[in-house]
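Since every read-out is calculated from the coordinates, none of them should be taken as a lab result. In this text, all values refer to a predicted model and were calculated from it rather than measured experimentally. Cβ sites come from the backbone with ideal geometry, for glycine too, and all protein chains shown count toward neighbours.
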Amino acid sequence: MSLDVERIRKDFPIFEREVNGHPLVYLDSANTSQKPVQVLDVMRAHQERYNGNVSRSVHTLGTESTEAYEGARARIATFIGAASPDEVVFTKNSTEAINLAAYSLGQMLRLGPGDEVVISEMEHHSNLVPWQLLCERTGATLKWFGITDDGRLDESALDDLVSERTKIVSLVHMSNVLGTVNDVSRIAARSKAVGALLMLDCSQSVPHLPISVGSLGADLIAFTGHKMLGPTGIGVLWGRFDLLSQMPPFLAGGSMIETVTMGGTTFAAPPARFEAGTPPITEAIGLGAAVDYLTGLGMEAIHEHEQAITRYALDALSSVPDVRIFGPATIEGRGGTVSFGVDGVHPHDVGQILDALGVEVRVGHHCARPVCSRFSVPAMTRASFYLYTTTAEIDALARGLDQVRKVFG
Amino acid sequence: MMLDGLYQEIILDHYKNPHGRGLRDPFDGEAHHVNPTCGDEITVRVKSDLTDISYDGLGCSISQASASVLYELVQGKSPAAASAIHHAFVELMQSRGQVEPDEEVLGDGIAFAGVAKFPARVKCALLPWMAFKDAAARAGVDVGVSPEVKA
């Protein structure tokens with residue numbers, strides 16, 4: 001079933017606006033997605049009619065809030081194929097989810113000198129810096145997979161990199177720069193064989209691909225709400241329940257305890273153990289509504305649409321002179337995020353001229369500086385797509401690039 | 001197009017044909033600055049008598065043209081004159097387009113008046129000037145207190 005994109009776009013009020021006198025062409029969904037009225041309405045209704053704190057109130061509003069909050073958790077669990085809603089921990093974003101995992105796993109595993117943590121050169125800084133810090137704190141060693149010239153994970157040294165010394169492997173599932181979707185099956189099998197835990201940063205994959213944690217082969221995944229039609233301020237750490245139940249807390253405070261005395265504290269079971277303090281209630285409910293919206297359209301249909309748009313974009317960009325695409329040149333094993341360079345023009349200038357034409361793209365190092373270094377450029381321009389992206393928007397991008405070449409020609 | 005204010009011919013000229021580019025010896029002070037949000041980098045070297053200012057970097061047209069203009073304006077000036085130019089340029093960039101630049105002081109730098117209206121690009125224009133200030137300080141040249149950088 002293919003998507004009725006024109007119908008879908010009517011759900012997103014932002015597409016009614018103009019930018020610098022041009023219709024908005026939003027090609028920055030890998031940065032943050034736009035929000036449909038269905039999500040905005042649910043959040044507003046919650047604040048207007050049902051607001052109360054969760055998990056602690058006996059009154060009606062508190063009960064209704066708790067039901068809405070836990071209902072969102074259950075729908076998100078179903079959306080990613082989790083065995084139980086208790087495997088879904090709400091966080092602020094992917095970054096917090098990964099920091100939680102790095103801190104807690106470091107404690108749980110008593111990480112120390114001689115132990116190794118393996119990541120990749122393809123990581124967003126959020127799946128890189130927390131592990132660097134963990135290794136600095138504990139004396140463990142950080143290692144990483146490289147990137148091949150065509151933008152794939154270089155698995156040629158897999159058996160050396162992931163060894164009996166490896167305690168944690170944490171990898172990006174879909175690159176926020178190159179668009180590469182990593183087939184992690186071999187790495188998952190190797191990690192399991194050596195007894196290492198595997199975490200995946202699914203910030204770019206959960207919004208766009210049908211994901212079932214049961215078949216991914218990961219022990220933990222992180223993703224964020226605002227890249228999947230939900231609000232900012234809400235993210236998810238999913239973990240196998242038997243793993244989560246062994247992990248010590250990260251942030252401490254209200255709601256995460258079992259019994260507190262002045263002499264010591266015992267902790268609640270997951271997910272509450274990892275949700276100290278009043279959580280982002282409205283945001284969690286908003287993410288639940290976003291998941292309903294995505295489920296209604298079907299993740300397979302969304303993925304198919306994005307594959308078609310990406311194929312169209314790769315063709316369109318390849319036909320613009322002086323444009324170099326970074327990452328996989330075909331749609332096999334890649335998603336709807338395409339980074340490129342224009343010869344002789346800095347990405348900031350590309351982005352500025354495109355913005356003057358209403359075309360919103362991301363420029364810079366995309367919080368993944370090692371990826372830019374790998375391809376010997378200080379920065380890249382990135383166009384990223386979603387369920388609402390049209391071929392007319394890709395055409396506007398290509399026309400904009402002609403304008404870029406004219407100004408700097 | 002709105003961009004006419006940003007990409008003035010003067011700026012594009014300096015970008016395509018930069019003046020004084022390339023790191024040179026001898027020098028008395030050096031500073032390396034980066035813009036962490038975009039990855040732009042610049043290294044500036046200063047001789048204590050300001051007879052040479054040399055630089056090299058990677059960056060957008062605005063930051064690279066700004067370095068070229070800096071070289072042209074400040075190289076060979078007295079510390080007092082360099083300080084006055086530095087102050088005037090930083091003030092112009094902080095002005096959100098509300099300050100009329102003085103061509104007597106800023107020369108080709110007046111072309112950057114349009115950049116001040118694009119808050120996301122002000123940091124690009126200031127990158128070489130802030131690196132210059134640090135390099136000068138290390139060479140024992142005080143270019144004075146700049147207006148607060150808020151960009």
Excluding same-chain residues fewer than 8 positions from B:Lys77, which aspartates and glutamates have a Cα within less than 19 Å of its Cα? B:Asp25, B:Asp28, B:Glu30, B:Asp49, B:Asp52, B:Asp102, B:Glu103, B:Glu104, B:Asp108, B:Asp134, B:Asp142
Rounded to whole Å and sorted largest first, list the principal axis extents of the Cα atoms in the range A:241-350. 70, 37, 28
For the protein assembly as shown, report the translational diffusion coefficient in µm²/s to the nearest whole number, using Stokes-Einstein at 20 °C, 1.002 mPa s, and a Kirkwood Rh over Cα pairs. 83 µm²/s
What does the convex hull of the Cα atoms come to per residue for the range A:368-409, in Å³? 92 Å³
Neighbour-count order for B:Ser83, A:Ser384, fewest beta carbons within 10 angstrom listed first: B:Ser83, A:Ser384
Estimated 222 nm signal from helices in chain A, with DSSP H stretches of n ≥ 4 weighted -39500 (n - 2.57), rounded to 500: -11000 deg cm²/dmol
I'd like the FRET efficiency for B:Val105 and B:Arg21, computed as 1/(1 + (r/R0)^6) with the beta carbon distance as r and R0 of 25 Å, rounded to 0.05. 0.60
Expected-Rg normalisation [2.2 N^0.38 Å, Cα atoms] applied to the range A:71-193: 1.11
Report the relative contact order of the range A:121-164, percent, no decimals, based on alpha-carbon pairs under 8 angstrom and at least 6 residues apart. 32 percent
Under the Kirkwood approximation applied to all pairs of distinct alpha-carbon atoms, what is the hydrodynamic radius of the range B:1-80 in Å? 13.3 Å
Tell me what chain B gives for mean residue ellipticity at 222 nm when only DSSP H runs of n ≥ 4 count, each as -39,500 (n - 2.57), the sum divided by the residue total, rounded to 500 deg cm²/dmol. -12500 deg cm²/dmol
Cα-based equivalent ellipsoid, chain B: semi-axes from gyration tensor eigenvalues, Å: 22, 16, 14
Relative contact order (percent) for the range A:314-409, with alpha-carbon contacts under 8 angstrom and 6 or more residues of separation? 30 percent
How would A:His365, A:His303 line up from fewest to most surrounding beta-carbon atoms within 10 angstrom? A:His303, A:His365
Under 20 Å Cα to Cα from A:Lys406, which lysines show up? Leave out anything in the same chain fewer than 8 places away. B:Lys16
Quick check: the angle from helix B:79-93's long axis to the longest principal axis of chain B, C-alpha only, nearest 10 degrees? 20 degrees
Across the residues of B:34-46, average count of Cβ atoms on other protein chains within 10 Å? 3
Put +1 on the Cβ of each Lys and Arg and -1 on the Cβ of each Asp and Glu in the range A:306-409; which of A:Val345, A:Pro370, A:Leu397 then has its Cα farthest toward the positive end of the dipole? A:Pro370
Given contacts defined as C-alpha pairs under 8 Å and at least six residues apart, what's the relative contact order of chain A, whole-number percent? 23 percent
Here D for the range A:40-295, in µm²/s, from Stokes-Einstein with a Kirkwood Rh over Cα pairs at 4 °C and 1.567 mPa s, works out to 69 µm²/s
Helix axis angle, B:119-138 relative to chain B longest principal axis, alpha carbon, degrees: 10 degrees
In units of 2.2 N^0.38 Å, what is the alpha-carbon radius of gyration of the range A:288-337? 1.43
Using a 10 Å cut-off around each Cβ of peptide A:369-382, what is the average number of partner chain Cβ atoms that fall inside? 2
What is the order of A:Lys227, A:Lys143, fewest Cβ neighbours within 10 Å to most? A:Lys143, A:Lys227
Size of charge dipole - the range A:40-295 - debye, nearest 20, with Cβ of Lys, Arg +1 and Asp, Glu -1, no other charges: 420 debye
If you count, for every residue in A:344-352, the Cβ atoms of partner chains within 10 Å of its Cβ, what is the mean? 6
In nm, give the distance between the simple-model label positions of A:Ser376 and A:Asn20, each being 7 Å from the Cα along the Cα-to-Cβ direction. 3.1 nm
Spin-label point model (7 Å from Cα, Cβ direction): what's the A:Ser215 to A:Thr78 distance in nm? 1.9 nm
Hey, if you put +1 on the Cβ of every Lys and Arg and -1 on every Asp and Glu Cβ in the range A:40-295, which of A:Ala189, A:Cys202, A:Ala140 ends up farthest toward the positive end of that dipole? A:Ala140
